[in-house]
Structure formats: C-alpha cells, structure tokens
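Visitor: Have a look at this one before I ask anything.
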Amino acid sequence: MNAIALMDRSAAFTHDALLYTGQSKFLERVGGFVHDGISAGEPTLVVLSNPKIDLLRDNLPQPDRAEFLDMERVGRNPGRIMSVWHDFVERHSGREVPLRGVGEPVWQGRTHDELEECELHEHLLNVAFELSSPWWLLCPYDSTALSTGVLDKVGGTHRRVLPSDGADLQGDYSPRDAAWEIFRSPLPPSPPAKLEVTFDSAGLATAREAVSRVATEAGLGDRAGDFVLSVNEVATNSIVHGGGRGRLRLWEAESALVCEVADHGTIQDPLVGRRRPSIGDLGRQGLWVANQFCDFVQIRSRSDGTVVRLHMRA
Amino acid sequence: MAAGVSWAAESESRAEGLQEYEVAVTDVFDEKHARALCLYDRRLLRPELVQRAAAVHPSTIEDATGHDGPTFQIAPETPTLMRVTGQIDLSGAGEFSKQIASLVDGDDLVVLDLSAVQFIDIGALRVLVDAVRNSHVRVSRPSRPVRSLASLTGMDRILFGDAAGESE
C-alpha cells in the first residue's frame, strides 16, 4: 500500500488534498490513511458520504476504532463543517497523540454557489487551525467526476496536493488573503423578491410574521419555525451591529426558499458563525444558529455593508 | 409609477372593487418594462384588504419599522409559579431581563412555566440560562420554539438538567 507521509512534523495543522480516480484508488489511499491513524492510536474522524463510509468500513480491519459522520448531512451547508472539526479537536485536546481526519466537502452535483462556499471553507480551515493542537486532515477530491475549474483551485486551498499518480505538488497558497477575497466579493444577483421588508427592533415581530407566511406558502412545514428563528437572529445582528435596521428580501429558488438580510454593518472576521459558541459567549451566536438550522448559508461583508442569504428546503 | 389605493377605505363597495382594479392593473403592466407600486396605508385599510394585496401582486414591499414591538407577560399562577406568554425578541430584551431580575430577589424557589412562549431569541434564552445558574429560578414545560433553540445551543442541559428533553 502506498502510504501517505506527513510532510512537516512540526506543523500544527496539516491540510492535504488527495486527487483520486476511481473507487479502488480511493479505497487504497484513503483506507490506508485511516488505517495508519488507527494503528498509531490516533483519534480519527472520517466525514464522507454514506456509500463511501460503507466502503471503508467493509475494508478496514478495525473500523470501529474510527468515528464516521455523513458529510451529506453535516456538510450540506458547507458553513456547518468547521464546527464539526472544532468539536473533534476540542474533544481530544490535551492528548499526547496527534489527530487525524478525512473530509470530502466537494462532490459532483454541488451547485456553483455551494462550490464557492466549499472553497471558502477549505481556505478558512487553514486560518482557523493555524495554532491548534496537531492534527492532519486529508480532503479527497474525485478527479474523474469534478470539473477542471474545481480541481484547479485545490492547490490554492491545500498546502500539498497528492495526485493519483506521480509526484506531490506544493499548493500555491495564501489562505488568509484568498478567504478575505471571497468574503468581500459580491454574491450573484438575486431574482425579483416576492416580499421585501425593512425592519428595526420594533419591527422584528412584523418581519417574522411575514417570513412565516411566505415559508408556510412555500411548503416548509415543520421547518418554517427554525427558518423564522434563523432569519430573526440574523436580523437581530443587523440591528445590533449593522446600524439599527436592515432589509430582508425573500424569493423562491429552484428547490428552496431564500431570505437575504442586508445591512450597513461590516463583519471583520470571515470565521463568523462557524464555531460552536460557548454558552457564555455574547458574540455573533446568531450566525452559528442560522448555519445549523439552514440548508445553505452565504455571508459576505465589506466596508459598505453585510449580506447574509439563508436557504431552506421544503 | 406609484398609485395610492386609499379610496378603497371609503365604502364597502369600493373595498370590493379593489381586487378587480388590481387584477386589471396587473394585466395592463404585464410583460411591459415598467414598475408599478401600489401604496397600501395600513392605518386606513382593513387588515384583510392588506392581506389580499399580497395575493394579487407579484411582489410586496413592507415597512416594518416604527411598529409597536411584540409583547410578553410574566404572570403569577401561584406565589412560586409564573407563566411566561408571548414573544420575546430584541425589542423586549431589556424589559425581560428586568422582570426576570426582579423575580430572583427573593429566597423562594420560583418556577417559570414556558409552555406559552410563542417565540424566544438567543438573547432572551441566555437571560434564562443566567437566571437558572445564579438564582432560585427554575424553568419548566418548554414550548416547541424554546426546546428547539435550547437543544441546538446546548443550553437545554443547564435549563432543564439531564432529564431535559423529557417533554418530547
């Protein structure tokens, strides 16, 4: 088996991408990586789609010594994945051994907007874990299924790219600048809104009522309450941090209801909403809640204002 | 182009004509490069006329600023059992903290019944967490919105103890 070797033993966080072609190559390299971790007694968390988890579990000698999570569930909204890794690293903090993870946030069928959020997520991992206790994350990318446009960006988000054949490539990489560039870029234009509401603190209840009405019409059913709560938290941020008021716009996209909340505030930290807040944390907990409840969240902020889009499927 | 529709408030027959008028206007503007804004004054028009407006327009713009905020109430059922009702958001946050603080002054255990809370945001939930941690306040019977937010944020462990989710 072609084992993957750690490039720099002194680094806190190692973030490698693996380009694979086909199931047997995936099994050989990712399976080998997980097996090496388990054999070394390293806590190992594997976040993949369920079919890939089954494939690994069926072929690993001691699958129960690793933890597995369904990426299509936890990573449906890419803004939610970071929290899973934070929890993992924190749960094992203070141990002598390093940790190991496998995460495949990018798969065939992701929309253009989702791919951009995945890219931002991959950049921000480097920023978030720069000073963490040692751990090694391997991100498999399916080079037969993904477009060259997507694969070309992998070197920008990972320090090292392991191709399916041939020599390793060094990533061309400056995560902080790249993360900021995406975070400050505008979101794609939106369709005409079905409903537009300007709100201030006293208008939150009216705004909630309007969102709730549209959410029910759109067939969100049981999820309407969590959607309204998410919108309310983001709108509350607008009032507290964004100049006392904001504007929300609602429209129906192909498969989801979208609510955009805009204000004149500026978010300084692109990691906002990605880390599980401690209970005493008085910070922007609202965006974390929105990330957990919604199927897809986009946050962009510049000196002239902040825009947050929340997507919820029926 | 903008046009007010306050004439619909003048009489019942005029109110009835409003829908017909709006449908006709929509036909006139259909497929044309023009934007028409119909102005509905909530103070003059009956709520059901305003409600209906959303159905006949492709999009609705609503000004929710300067409204009266939602209300909540903390009312005693017995000397040690208080029932919280209504919606608690940013607009009521200051008043909510104040009322909770006034409850925790005494030495007796006070239980807050949360079954009639229709909406609560994180800020207000945190006020409850602090009260439970630092005083003789306990909470019980969380409504669905309370339970949903408390379990997501992990505050349920503090608010309802280990037997938390029991109201499933």
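The values are calculated or read from the model by the stated rules, or taken from the named source; none is laboratory data. Remember, it's a predicted structure, so these values are computed and weren't measured experimentally. Don't worry about glycine lacking a Cβ; one is built from the backbone with ideal geometry, like all the others, and counts go over all protein chains shown.
Visitor: Exactly one condition in (1) within 20 Å of B:Asp156 (Cβ to Cβ); (2) under 16 Å from the mean Cα position of the chain (by Cα) is not met by B:Ile100; state its number.
Guide: B:Ile100 satisfies every listed condition except (2).
Visitor: Could you please tell me which pairs satisfy a Cβ distance under 7 Å, a separation of 6+ or placement on different chains, a first residue in the stretch B:30-43 that is more than 21 Å from B:Ala9 (Cα to Cα) and in contact (Cβ under 8 Å) with a residue 12 or more places away in the chain, and a second residue that is surrounded by fewer than 10 Cβ atoms within 10 Å (Cβ to Cβ) and aliphatic (A, V, I, L, M)?
Guide: Taking only residues 6 or more apart or on different chains, the pairs are B:Ala34/B:Met1.
Visitor: For the stretch B:27-45, which positions are surrounded by 13 or more Cβ atoms within 10 Å (Cβ to Cβ), modelled with pLDDT of 80 or more and more than 25 Å from A:Glu260 (Cα to Cα)?
Guide: B:Leu44, B:Leu45
Visitor: Just to check your reading of the model, which residue among A:Arg249, A:Arg300, A:Arg223, A:Arg276 is assigned to a strand (DSSP E or B), surrounded by fewer than 23 Cβ atoms within 10 Å (Cβ to Cβ) and within 13 Å of another protein chain (Cβ to nearest Cβ)? It would help to see each step written out before you state the result.
Guide: Working: A:Arg300 fails: within 13 Å of another protein chain (Cβ to nearest Cβ); A:Arg223 fails: assigned to a strand (DSSP E or B); A:Arg276 fails: assigned to a strand (DSSP E or B).
Of the residues listed, the single one that is assigned to a strand (DSSP E or B), surrounded by fewer than 23 Cβ atoms within 10 Å (Cβ to Cβ) and within 13 Å of another protein chain (Cβ to nearest Cβ) is A:Arg249.
Visitor: I'm checking my understanding of the structure. Among residues of the stretch B:134-165 that are buried (at least 18 other Cβ atoms within 10 Å of the Cβ), over 22 Å from the mean Cα position of the chain (by Cα) and closer than 18 Å to B:Val110 by Cβ, which one is nearest to the other protein chains (Cβ to nearest Cβ)?
Guide: Restricting to residues being buried (at least 18 other Cβ atoms within 10 Å of the Cβ), over 22 Å from the mean Cα position of the chain (by Cα) and closer than 18 Å to B:Val110 by Cβ, the top hit is B:Leu159.
Visitor: Which numbered condition trips up A:Leu204, out of (1) in contact (Cβ under 8 Å) with a residue 24 or more places away in the chain; (2) assigned to a helix (DSSP H, G or I); (3) more than 11 Å from every other protein chain (Cβ to nearest Cβ); (4) not polar (S, T, N, Q)?
Guide: With (1) in contact (Cβ under 8 Å) with a residue 24 or more places away in the chain; (2) assigned to a helix (DSSP H, G or I); (3) more than 11 Å from every other protein chain (Cβ to nearest Cβ); (4) not polar (S, T, N, Q) applied to A:Leu204, the lone miss is (3).
Visitor: Something else: Does B:Leu128 qualify as being buried (at least 20 other Cβ atoms within 10 Å of the Cβ) and within 20 Å of the chain's Cα centre (by Cα)?
Guide: Yes.
Visitor: Of everything in the stretch A:240-255, what is of a type outside the set (Val, Ile, Thr) and more than 21 Å from A:Arg213 (Cα to Cα)? Give them in sequence order.
Guide: Those that are of a type outside the set (Val, Ile, Thr) and more than 21 Å from A:Arg213 (Cα to Cα): A:His241, A:Gly242, A:Gly243, A:Gly244, A:Arg245.
Visitor: For B:Ala131, indicate whether it is in contact with an Asp or Glu (Cβ under 7 Å, 6 or more places away or on another chain), part of a helix (DSSP H, G or I) and more than 10 Å from every other protein chain (Cβ to nearest Cβ).
Guide: Here the answer is no, as B:Ala131 does not meet what is asked.
Visitor: Looking only at the stretch A:163-179, decide whether some residue is of a type in the set (Ser, Thr, Tyr) and either within 14 Å of chain B (Cβ to nearest Cβ) or under 30 Å from B:Val117 (Cβ atoms) (or both).
Guide: Among the residues of the stretch A:163-179, not one is of a type in the set (Ser, Thr, Tyr) and either within 14 Å of chain B (Cβ to nearest Cβ) or under 30 Å from B:Val117 (Cβ atoms) (or both), which makes the answer no.
Visitor: Now for a separate question. May I ask you to say which residue of A:Val197, A:Val214, A:Val258 is crowded, with 19+ Cβ neighbours inside 10 Å and away from chain B (no Cβ under 12 Å)?
Guide: Answer to the check: A:Val258.
Visitor: So, one more: If you take just the strands (runs of 3 or more DSSP E) that sit entirely in the stretch B:16-85, which of them hold at least 1 residues that are more than 10 Å from chain A (Cβ to nearest Cβ), under 30 Å from B:Leu112 (Cβ atoms) and touching a Ser or Thr at 6+ places or on another chain (Cβ under 9 Å)?
Guide: B:72-78
Visitor: Restricting attention to the stretch B:88-104, and to residues there that are in contact with a helix residue (DSSP H, G or I) (Cβ under 6 Å, 6 or more places away or on another chain) and of a type in the set (S, T, N, Q), which single residue is nearest to the other protein chains (Cβ to nearest Cβ)?
Guide: Among residues in the stretch B:88-104 that are in contact with a helix residue (DSSP H, G or I) (Cβ under 6 Å, 6 or more places away or on another chain) and of a type in the set (S, T, N, Q), the one nearest to the other protein chains (Cβ to nearest Cβ) is B:Ser91.
Visitor: Within the stretch A:130-173, which residues are over 21 Å from A:Arg110 (Cβ atoms) and among the charged types (D, E, K, R)?
Guide: Within the stretch A:130-173, A:Glu130, A:Arg159, A:Arg160, A:Asp165, A:Asp168, A:Asp172 meet the criteria.
Visitor: Pick from A:Glu233, A:Glu209: which is without any contact (Cβ under 8 Å) to a residue 60 or more places away in the chain, out of contact with any Lys or Arg (no Cβ under 7 Å at 6 or more places or on another chain) and either assigned to a strand (DSSP E or B) or surrounded by fewer than 20 Cβ atoms within 10 Å (Cβ to Cβ) (or both)?
Guide: Only one candidate qualifies: A:Glu209.
Visitor: Same structure again: Looking at the stretch B:104-114, is at least one residue in contact (Cβ under 8 Å) with a residue 24 or more places away in the chain, of a type in the set (A, V, I, L, M), within 28 Å of A:Arg247 (Cβ to Cβ) and buried (at least 16 other Cβ atoms within 10 Å of the Cβ)?
Guide: First, pick out the residues of the stretch B:104-114 that are in contact (Cβ under 8 Å) with a residue 24 or more places away in the chain: B:104, B:106-114.
Checking the rest, the ones that are also of a type in the set (A, V, I, L, M) come to B:104, B:109-112, B:114.
Add one more test, that the residue is within 28 Å of A:Arg247 (Cβ to Cβ), and what stays is none.
Checked the stretch B:104-114: no residue is in contact (Cβ under 8 Å) with a residue 24 or more places away in the chain, of a type in the set (A, V, I, L, M), within 28 Å of A:Arg247 (Cβ to Cβ) and buried (at least 16 other Cβ atoms within 10 Å of the Cβ).
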